[in-house]
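Here's the structure, in structure tokens; my notes come after.
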Amino acid sequence: MKLYYDYALGAGNGALVEGRTVSSFAFMPHWRDRPWPPRDKYTDSASDEALGLV
């Protein structure tokens, strides 16, 4: 789920979700080191910081 969060929000193939600068498909940091998306993940899009991508 960590890697496919953007895809689940409708931004497939590495596209960016509005308001984000890094795709969840990025190779760094490793997916094991990233936090899980927020429980209420479909109400609002999580930020790059919340997903551990910055």
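The values are calculated or read from the model by the stated rules, or taken from the named source; none is laboratory data. In this text the structure is predicted, and so the values were computed from the model without any measurement. Cβ: placed from backbone, ideal geometry, glycine included. Neighbour counts: every protein chain shown. With ligands, DNA and RNA removed, areas are computed over all heavy atoms of the protein, side chains included. Shrake-Rupley method; radii C 1.70, N 1.55, O 1.52, S 1.80 Å.
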**Asked** Which one of these is open to solvent by 30 Å² or more (accessible area, probe 1.4 Å), touching a helix residue (DSSP H, G or I) at 6+ places or on another chain (Cβ under 8 Å) and at pLDDT 85 or above: 16, 9?
**Response** 16
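Which of the residues that make up the stretch 25-35 are assigned to a loop (DSSP other than H, G, I, E, B) and open to solvent by 50 Å² or more (accessible area, probe 1.4 Å)?
Going through the stretch 25-35, the residues assigned to a loop (DSSP other than H, G, I, E, B) turn out to be 25-30, 34-35.
The answer is 25, 27, 28, 30, 35.
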**Request:** Go through (1) surrounded by fewer than 17 Cβ atoms within 10 Å (Cβ to Cβ); (2) touching a residue at least 24 places away in the same chain (Cβ under 8 Å) one by one and return the number of the condition residue 38 breaks.
**Result:** (2)
**Request:** May I ask you to list pairs of residues, at least six apart or on different chains, whose Cβ atoms are under 6 Å apart, with the first in the stretch 1-15 being closer than 17 Å to residue 34 by Cα and the second being open to solvent by less than 90 Å² (accessible area, probe 1.4 Å) and assigned to a helix (DSSP H, G or I)?
**Result:** none
